[in-house]
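Engineer: Mind having a look at this structure? Questions to follow.
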Amino acid sequence: MTVQSTHRSTREWVLLVVALVIVAGIVAPLWKLSGTGESQQEFLAKWTPERLSRLLLGPEQVACYFCFAWSGLILLTRWREVRRQRAAFSLDLLPTDEGARILPEDARPLARKVDQVTGRSGPYILGNMIRLGLGKYAISKSAPDVAEVVRNQADVEQSRFVATMGTVNYLAWAIPAIGFLGTVRGLAGGMSMAGSQETEMAKFIKQATDQLGIAFDCTFVALALSLVLMYFLHAVQRSEETLIIDCQDYCQEHLLLRLYDPHPQN
């Protein structure tokens, strides 16, 4: 059973490609018109293997790579778990025939069926929401009470997603912090060179420039990694939020609207 969306989805990747084509179509001709062939060659000549190694292989950069890889593996695991959770929508958890009704005496047998079906492939958020709702219906025989249980459980699951994302949120903050730490180290090295009176002027300028290069290289790499990580973090969080919404929608269509309430509220 697939979850039907109530609106058309935005094809963000297609729009990304369109945006890249538009920007490239405007910027590329302007860049060619504004610069000469010699300036472009000089720009490319600056990126030697030695320059790239200083940019990408500093100690702070390596620490940023570690944090990025760690958080990326966590996000990959979370994304795979969301994909696994979505498999519950195709399981035979509730009657889906048109006109089917769920009576109070059907609640406990259906709950046992949900446990049996979901027990073979691991816990599911959808299965747990249905099981708790059926358990409440078997006791209270009230559809509004079941709706309250489903809503509360959805809030619990959403809060659990947010709470367990704490490590990734910390790493997303730690990456630019490590970059700024490298910036401070580079600036401090440059200031120490300025305080030396015995250094020759040419040697002093080179050493100070190298230290300032370390400072800005660390910041550049850290902020670039942080931007990428924040996008993936946002994408995984959105997929988890959408999962909870789809679970509520499934319960609304196949559980709450099929419950027989012997004592309807006026």
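The values are calculated or read from the model by the stated rules, or taken from the named source; none is laboratory data. What you are looking at is a predicted structure, and each value in this text was computed from that prediction instead of being measured. Glycine gets a Cβ as well: all are built from the backbone with ideal geometry, and neighbour counts include every protein chain shown.
Engineer: I need every pair where a residue in the range 107-122 that is in contact (Cβ under 8 Å) with a residue 24 or more places away in the chain has its Cβ under 8 Å from the Cβ of a residue that is among the charged types (D, E, K, R) and crowded, with 19+ Cβ neighbours inside 10 Å, sequence separation at least 6 or different chains.
Structural biologist: Within 8 Å, the pairs are ALA111/ARG131.
Engineer: Next question, about the same structure. Among all residue pairs at least 6 apart or on different chains, which show Cβ distances below 7 Å where the first residue, located in the range 79-99, is among the aromatic types (Phe, Trp, Tyr) and the second is part of a helix (DSSP H, G or I)?
Structural biologist: TRP79/VAL236; TRP79/SER239; PHE89/LEU126; PHE89/TYR250
Engineer: So, one more: Identify the residue in the range 218-248 that is over 23 Å from THR164 (Cβ atoms) and not small (Gly, Ala, Ser) and, among all such residues, is modelled with the lowest pLDDT.
Structural biologist: Checked the range 218-248; the qualifying residue modelled with the lowest pLDDT is CYS218.
Engineer: In addition: For LEU16, are the conditions met, namely being closer than 18 Å to TYR231 by Cβ and modelled with pLDDT under 80?
Structural biologist: Judged against the criteria, LEU16 is a match.
Here's the yes/no breakdown for (1) in a helix (DSSP H, G or I); (2) at pLDDT 90 or above:
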residue	(1), (2)
VAL156	yes, yes
ARG160	yes, yes
ASN169	yes, yes
ILE175	yes, yes
THR183	yes, no
GLY186	yes, no
GLU198	no, no
ALA202	yes, no
